[in-house]
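Student: Following this message is one structure expressed as structure tokens.
The values are calculated or read from the model by the stated rules, or taken from the named source; none is laboratory data. These numbers come from a predicted model, not from an experiment. Note: ideal-geometry Cβ built from the backbone for every residue, glycine included; neighbour counts use all protein chains shown. Surface accessibility is based on the protein's heavy atoms, side chains included, excluding ligands, DNA and RNA. Shrake-Rupley method; radii C 1.70, N 1.55, O 1.52, S 1.80 Å.
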Amino acid sequence: MASPRFPPTVSTQLLKLAALLSSFSPASATFTIARCCTLAVRTEFSKYYEEKFPWQVCNFNTDINYSTNETFVSITKPLSWVKEFCPGMQLSNTRQWLQPLATYISPYIGLLLLCPMGATELDDAVQSKPWASLFWTAVAKLKELASILGDPASAISGAASEIYADTVALRNLSSLPEERRRARWVAALAGALKFSSETDWRRQGPQSESEALLKGTNSTVKQEAEAVTQPYVDMTGEETSRAISLCMSARASFASTILIPVVLMLAVTAATFYDARANKGDKDTGLALAYCIWYSWILVPAVAGNCFATVLSPDLARRAFHKVMVFGEGEKVIVPLRDRHVNNQFWGNWLRRQEDRGGKEFAEFRQALSRDVWFWVGMLAWNLLGWCVVGVACGAGVAIAWTTPTVGLGCRSFNFLLYGILAFLNTCLQVLYAWLSVREGDKQKQATTKGSMLTRVTALGAVQAVYWFLVCFNALAVVVLGTVFHLVGVYRTCWCDRITTDDSVMIELNSKTAEAYDNAEKYWISTAYVVFSIMTLICLVGVVFRQVISRRMDEWIESEEGDEKEI
């Protein structure tokens with residue numbers, strides 16, 4: 001007896017149902033977005049079974065060919081469904097975390113380490129203990145790195161301010177007398193050292209003031225006292241000129257400080273761009289591009305921070321000018337980029353004193369500076385311009401992450417947005433902190449009561465505490481931890497695609513949908529090109545100023561060599 005035969009349509013459905021049942025996996029299986037997508041298709045099996053199996057719709061365990069313009073059907077589910085059935089996260093495999101780490105994160109770390117950093121010489125007691133010295137040196141370096149990452153706008157502003165100060169100080173040098181030229185070069189080359197109340201030329205006198213008081217008559221005492229206050233120990237200027245030439249000769253080459261690191265950085269970034277173009281519609285590739293763009297602001301302080309005269313070596317400048325200059329407490333402090341704007345004002349005032357152009361004594365100038373409203377408004381404007389550079393990078397990262405399906409505010413776009421907001425707050429707080437620091441130094445000697453002094457110290461300490469808390473939070477929690485979450489896969493979850501309290505919001509579960517492919521062509525790649533073009537142009541402006549300053553150095557060295565030949 002022949003076996004019964006089912007109609008073709010029924011047999012086909014039974015075959016697909018058997019395959020569907022066999023595809024169920026244990027509850028303990030590793031979570032993936034594709035698995036969640038397959039589960040979503042199963043809930044609407046009748047909608048898709050005529051064309052493909054659920055795992056074929058979602059490309060489960062199948063490599064997607066991104067070289068074609070083929071797209072896949074959009075699979076969406078409400079956020080409430082996602083929270084119930086897809087609560088896990090998809091951890092990154094080796095390729096997913098190693099490729100971005102090697103392609104653009106490591107080069108950015110290298111550029112970050114090229115940025116000039118502040119430093120304070122350790123106490124003798126600490127230096128005598130090797131392990132303690134090593135520990136506190138590392139802490140100081142980490143603090144400076146956190147400062148640049150947490151308050152990037154102030155670092156960019158400080159680098160730009162230093163370039164501007166050097167350019168102004170070194171203009172029209174040929175028309176100035178020799179002693180004024182030397183003073184300007186000292187201010188430019190030693191400008192990274194903190195200017196203190198004791199910073200000035202070494203005093204000249206045949207004997208100490210105490211010896212002058214013990215010897216001779218009143219007229220002799222007066223003559224010796226006047227000799228003690230004479231400005232130059234190097235009356236001929238030979239020692240000063242020798243120190244200037246020494247600093248200039250030790251300057252690093254353009255290729256080693258800027259050209260090679262930046263070219264390598266652009267090369268690996270180009271690889272990221274190529275990957276984004278070759279994998280249009282891939283969510284992981286689009287989000288990797290967003291992170292690459294987000295870090296792009298690091299190019300500016302890395303390049304601009306190596307374009308002014310003081311980048312030669314602040315420690316070398318301190319040693320070279322030790323015989324002709326007294327730096328006082330500022331001798332042990334290299335000013336970080338965030339404080340260069342204020343420090344440059346004190347060096348500029350010192351130059352005006354040397355040139356009889358209305359320069360004031362240190363205490364008098366500090367008092368006038370603390371009351372100069374327009375200077376602090378201008379400093380805020382400088383910092384906000386620096387923040388615009390960071391804002392462009394953050395905005396581009398938000399735009400790419402926002403338009404990566406699911407379209408909307410997700411964990412990554414929120415991470416970029418939060419960084420930009422905190423960077424704005426930090427750069428404004430830095431201006432307030434700098435003003436209170438100058439004001440505190442001016443008011444310390446004027447305090448008449450313990451209570452008023454305590455109030456000022458409390459105000460400065462409170463702003464300092466808030467500033468450093470936000471800086472460290474922005475650097476460690478937002479940048480470092482946010483990057484680690486991206487690399488590990490903590491953000492690769494269904495619910496993290498959209499931050500909202502509305503459980504009816506639809507979450508995209510499939511890859512290379514028509515929306516993702518279109519957004520890649522419209523927003524991802526074009527935004528990346530625009531942002532990197534802006535950063536490159538800003539860096540080129542800094543390089544031009546560097547070449548101008550380097551030309552001034554070459555002219556000085558040529559003139560000194562000519563003088564030696566004449567002798």
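Student: Go through segment 190-214 and report how many residues are open to solvent by less than 70 Å² (accessible area, probe 1.4 Å), in a loop (DSSP other than H, G, I, E, B), at pLDDT 85 or above and more than 19 Å from ARG551 (Cα to Cα).
Tutor: Going through segment 190-214 one residue at a time, the tally reaches 4.
Student: For segment 313-324, state whether one or more residues are part of a helix (DSSP H, G or I) and either in contact with an Asp or Glu (Cβ under 9 Å, 6 or more places away or on another chain) or of a type in the set (Lys, Arg) (or both). Don't jump to the end; show me each part of the working.
Tutor: So the first thing to find is which residues in segment 313-324 are part of a helix (DSSP H, G or I), and the list is 314-320.
Narrowing further to those that are either in contact with an Asp or Glu (Cβ under 9 Å, 6 or more places away or on another chain) or of a type in the set (Lys, Arg) (or both): 318-319.
Among the residues of segment 313-324, at least one is part of a helix (DSSP H, G or I) and either in contact with an Asp or Glu (Cβ under 9 Å, 6 or more places away or on another chain) or of a type in the set (Lys, Arg) (or both), which makes the answer yes.
Student: So which residues in segment 508-519 are part of a helix (DSSP H, G or I) and either in contact with a strand residue (DSSP E or B) (Cβ under 8 Å, 6 or more places away or on another chain) or farther than 14 Å from VAL398 by Cα (or both), if there are any at all?
Tutor: ALA514, GLU515, ALA516, TYR517, ASP518
Student: Among the residues of segment 263-282, which ones are part of a helix (DSSP H, G or I) and open to solvent by 30 Å² or more (accessible area, probe 1.4 Å)?
Tutor: The initial filter retains those residues of segment 263-282 that are part of a helix (DSSP H, G or I), namely 263-278.
Within segment 263-282, VAL263, LEU264, LEU266, ALA267, VAL268, ALA270, ALA271, TYR274, ASP275, ARG277, ALA278 meet the criteria.
Student: Scanning for something farther than 30 Å from ASN415 by Cα, among the hydroxyl-bearing types (Ser, Thr, Tyr) and out of contact with any Pro (no Cβ under 6 Å at 6 or more places or on another chain), does segment 305-313 turn up at least one residue?
Tutor: Keep residues of segment 305-313 that are farther than 30 Å from ASN415 by Cα, which gives 307-313.
Right, trim to among the hydroxyl-bearing types (Ser, Thr, Tyr) and you get 310, 313.
The next check asks that each one be out of contact with any Pro (no Cβ under 6 Å at 6 or more places or on another chain); those that pass are 310, 313.
Yes - at least one qualifying residue is present in segment 305-313.
Matching residues to (1) touching a helix residue (DSSP H, G or I) at 6+ places or on another chain (Cβ under 7 Å); (2) open to solvent by 20 Å² or more (accessible area, probe 1.4 Å):
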| site | (1), (2) |
| --- | --- |
| ASN349 | yes, no |
| GLN354 | yes, yes |
| GLY359 | yes, yes |
| ARG371 | no, yes |
| MET379 | yes, no |
| CYS394 | yes, no |
| GLY408 | yes, no |
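Student: Same structure, new question: Tell me which of these GLU224 doesn't satisfy, since it passes every other one: (1) open to solvent by 40 Å² or more (accessible area, probe 1.4 Å); (2) acidic (Asp, Glu); (3) modelled with pLDDT under 50.
Tutor: Of the numbered conditions (1) open to solvent by 40 Å² or more (accessible area, probe 1.4 Å); (2) acidic (Asp, Glu); (3) modelled with pLDDT under 50, the odd one out for GLU224 is (1).
Student: Given the conditions (1) part of a helix (DSSP H, G or I); (2) in contact (Cβ under 8 Å) with a residue 40 or more places away in the chain, report the number of the one that ALA381 does not fulfil.
Tutor: So ALA381 meets the others, but not (2).
Student: If LEU384 passes every condition in (1) in contact with an Asp or Glu (Cβ under 8 Å, 6 or more places away or on another chain); (2) surrounded by fewer than 17 Cβ atoms within 10 Å (Cβ to Cβ) but one, which one does it miss?
Tutor: Going through the list (1) in contact with an Asp or Glu (Cβ under 8 Å, 6 or more places away or on another chain); (2) surrounded by fewer than 17 Cβ atoms within 10 Å (Cβ to Cβ), LEU384 breaks only (1).
Student: Out of TYR523, TYR517, TYR467, report the one residue that is at pLDDT 85 or above, crowded, with 18+ Cβ neighbours inside 10 Å and more than 28 Å from SER157 (Cβ to Cβ).
Tutor: Matching residue, one of TYR523, TYR517, TYR467: TYR517.
Student: Just to be sure I understand the filter: pairs with C-beta atoms under 6 Å, separated by 6 or more residues or on different chains, first member in segment 58-84 and in contact (Cβ under 8 Å) with a residue 40 or more places away in the chain, second member of a type in the set (Asp, Glu) and not in a loop (DSSP other than H, G, I, E, B). Which pairs pass?
Tutor: Qualifying pairs under 6 Å: THR76/GLU508.
Student: Kindly list, by first and then second residue, each pair from a residue in segment 25-38 that is part of a loop (DSSP other than H, G, I, E, B) and open to solvent by less than 50 Å² (accessible area, probe 1.4 Å) to a residue that is modelled with pLDDT of 60 or more and of a type in the set (Gly, Ala, Ser), limited to pairs with Cβ atoms under 9 Å and residues at least 6 apart or on different chains.
Tutor: PHE31/GLY88; THR32/GLY88
Student: While we're on this one: Confirm whether ALA434 is open to solvent by less than 40 Å² (accessible area, probe 1.4 Å) and either in contact with a strand residue (DSSP E or B) (Cβ under 9 Å, 6 or more places away or on another chain) or modelled with pLDDT of 90 or more (or both).
Tutor: On the way: open to solvent by less than 40 Å² (accessible area, probe 1.4 Å): yes; either in contact with a strand residue (DSSP E or B) (Cβ under 9 Å, 6 or more places away or on another chain) or modelled with pLDDT of 90 or more (or both): yes.
For ALA434, the condition - open to solvent by less than 40 Å² (accessible area, probe 1.4 Å) and either in contact with a strand residue (DSSP E or B) (Cβ under 9 Å, 6 or more places away or on another chain) or modelled with pLDDT of 90 or more (or both) - is met.
One line per residue, one yes/no per condition, for (1) of a type in the set (Val, Ile, Thr); (2) over 29 Å from CYS36 (Cβ atoms); (3) surrounded by fewer than 20 Cβ atoms within 10 Å (Cβ to Cβ):
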site	(1), (2), (3)
LEU91	no, no, yes
PRO100	no, no, no
GLY110	no, yes, yes
SER133	no, yes, yes
VAL139	yes, yes, yes
LEU145	no, yes, yes
ALA188	no, yes, no
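Student: Give the number of residues within segment 492-507 that are open to solvent by 10 Å² or more (accessible area, probe 1.4 Å) and part of a strand (DSSP E or B).
Tutor: 1
Student: Considering only residues of segment 283-333 that are among the small types (Gly, Ala, Ser) and open to solvent by 10 Å² or more (accessible area, probe 1.4 Å), which is nearest to ARG203 (Cα to Cα)?
Tutor: So the residue we want is GLY328.
Student: Mind listing whichever residues of segment 50-89 are touching a Gly at 6+ places or on another chain (Cβ under 8 Å), closer than 20 Å to ALA514 by Cβ and either open to solvent by 50 Å² or more (accessible area, probe 1.4 Å) or modelled with pLDDT of 80 or more (or both)?
Tutor: Here is the first cut: in segment 50-89, the ones touching a Gly at 6+ places or on another chain (Cβ under 8 Å) are 66, 71, 89.
Among the residues that remain, those that are also closer than 20 Å to ALA514 by Cβ are: 66, 71.
Once the filter is applied, which keeps residues that are touching a Gly at 6+ places or on another chain (Cβ under 8 Å), closer than 20 Å to ALA514 by Cβ and either open to solvent by 50 Å² or more (accessible area, probe 1.4 Å) or modelled with pLDDT of 80 or more (or both), segment 50-89 yields only THR71.
Student: Here are some residues: GLY441, GLY451, GLY489, GLY482. Which one is farther than 25 Å from ASP282 by Cα and either open to solvent by less than 40 Å² (accessible area, probe 1.4 Å) or at pLDDT 90 or above (or both)?
Tutor: Details: GLY451 fails: either open to solvent by less than 40 Å² (accessible area, probe 1.4 Å) or at pLDDT 90 or above (or both); GLY489 fails: farther than 25 Å from ASP282 by Cα; GLY482 fails: farther than 25 Å from ASP282 by Cα.
Answer to the check: GLY441.
Student: Just for segment 530-559: of the residues that are aliphatic (A, V, I, L, M) and touching a Cys at 6+ places or on another chain (Cβ under 8 Å), which one is surrounded by the most Cβ atoms within 10 Å (Cβ to Cβ)? Steps first, answer last, please.
Tutor: At the first step, the residues of segment 530-559 found to be aliphatic (A, V, I, L, M) are 530-531, 534-535, 537-538, 540-541, 543-544, 548-549, 553, 557.
This time we only want the ones that are touching a Cys at 6+ places or on another chain (Cβ under 8 Å), so: 543, 549.
Working: VAL543: 18, ILE549: 20.
Selected residue: ILE549.
Student: Next question, about the same structure. Whether any residue in segment 162-184 is at pLDDT 85 or above, surrounded by 20 or more Cβ atoms within 10 Å (Cβ to Cβ), of a type in the set (A, V, I, L, M) and closer than 30 Å to ASP275 by Cβ is what I want to check.
Tutor: no
Student: Within segment 112-131, how many residues are open to solvent by 80 Å² or more (accessible area, probe 1.4 Å) and either aliphatic (A, V, I, L, M) or modelled with pLDDT of 85 or more (or both)?
Tutor: Number of matching residues: 1.
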